[in-house]
Amino acid sequence: MDKQGLYLTTFQHKLLLKSLETDLRPEYRRRIEIMLLADAGQSQTQICEALGCSQETARHWITMAQTGQAHHWSDRPMGRPKAVNEQYLARLHELASHSPREHGYSFERWTGQWLSKHLAKETGIKVSACHINRLLKEMGLSTRHKHETPKQETDGTKDSRITIGNLLPNSEPDFRWSLNFLKTSN
């Protein structure tokens with residue numbers, strides 16, 4: 001039979017231990033560890049020494065355990081939001097390279113806004129549409145439609161955006177334009 005702790009119910013204790021098995025930010029992990037150590041009878045000073053946390057942090061989370069609020073360990077977000085990681089970038093690249101229809105959407109082309117919403121649902125990481133577009137640009141991708149330009153091979157270069165050709169001869173220069181320009185620039 002499990003030994004009952006000082007503050008936590010058996011359910012709370014198991015819930016906190018289960019949460020430690022997940023990939024948590026260090027700050028959240030520390031919150032849980034403080035409550036578990038306090039429940040095991042460790043003093044605030046012992047907890048601070050063991051975890052390298054401040055007295056204020058230890059006191060707050062010990063109080064949360066004592067008042068039956070251990071389940072609130074993840075309620076108060078801290079610091080900057082989760083940063084985009086390699087898995088997120090790989091998923092963004094994969095999504096942008098395929099039609100949204102493959103993922104059940106009715107539209108044909110992704111937008112930064114829709115990629116942001118879809119990835120937030122999948123990964124839990126919220127990123128603005130502007131940042132999504134910046135990330136796509138860094139990857140050499142875009143949500144914009146590629147306009148096909150007719151390819152002209154007048155100089156033998158394939159897929160060139162500059163066309164080199166002979167200039168058409170003008171039989172007589174138009175001196176009226178240059179005279180008008182001289183009159184107005186005085």
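The values are calculated or read from the model by the stated rules, or taken from the named source; none is laboratory data. These numbers come from a predicted model, not from an experiment. Quick reminder, even Gly has a Cβ in these numbers, built from the backbone with ideal geometry, and neighbours come from all protein chains shown. We work out accessible area using only protein heavy atoms, side chains counted, and drop any ligands, DNA or RNA first. Shrake-Rupley method; radii C 1.70, N 1.55, O 1.52, S 1.80 Å.
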### Residue-by-residue Karplus 3J(HN,Hα) for the range 39-54, coefficients 6.51, -1.76, 1.60, Hz, glycine and proline x
5, 7, x, 6, 7, 4, 5, 4, 5, 4, 5, 5, 9, x, 10, 6
## Note on the structure
Residue separation between Gln46 and Arg109 times 0.36 nm, minus their alpha-carbon distance, gives in nm 17.0 nm
### Task
Sticking with the crude label model, points 7 Å out along Cα→Cβ, report the distance from Gln87 to Glu56 in nm, one decimal please.
3.3 nm
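Per the 1.4 Å probe, what fraction of the accessible area of the range 1-146, in percent, lies on carbon and sulfur atoms? Spell out each step's value before the answer.
Working: 5070 of 9690 Å².
About 52 percent, which is the carbon plus sulfur part of the accessible surface.
By the gyration tensor of its Cα atoms, with a ≥ b ≥ c the square roots of the eigenvalues, what is the shape of the range 1-147: rounded for a/c under 1.5, prolate for a/b over b/c, or oblate?
Judged from the Cα gyration tensor, the range 1-147 comes out prolate (a/c at least 1.5, a/b above b/c).
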### Nearest-10 value in Å² for the accessible area of His98, using the 1.4 Å probe
80 Å²
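Stretched out fully, how many nm does the piece from Thr10 to Thr123 gain, at 0.36 nm a residue minus the Cα gap? Spell out each step's value before the answer.
Details: separation 113, 0.36 × 113 = 40.68 nm, distance 3.08 nm.
Working it through step by step, the gained length comes to 37.6 nm.
From largest accessible area down, sort Glu33, Glu122; use a 1.4 Å probe on the protein chains.
Values: Glu33 55, Glu122 90 Å².
The most accessible residue leads, giving Glu122, Glu33.
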### Summary
Heavy-atom accessible area with a 1.4 angstrom probe orders Cys53, Cys130, most exposed first, as Cys130, Cys53
### Message
For a test of the definition: using alpha carbon positions, the gyration tensor, and the 1.5 limit on a/c, classify the range 1-66 as rounded, prolate or oblate.
### Response
oblate
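Top to bottom by accessible area (1.4 Å), largest first, where do Met35, Met64 land?
Working: Met35 0, Met64 25 Å².
Largest accessible area first, the residues go Met64, Met35.
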### Query
Just how much of Ser54 is accessible, in Å², when a 1.4 Å probe is used and the result is rounded to the nearest 10?
50 Å²
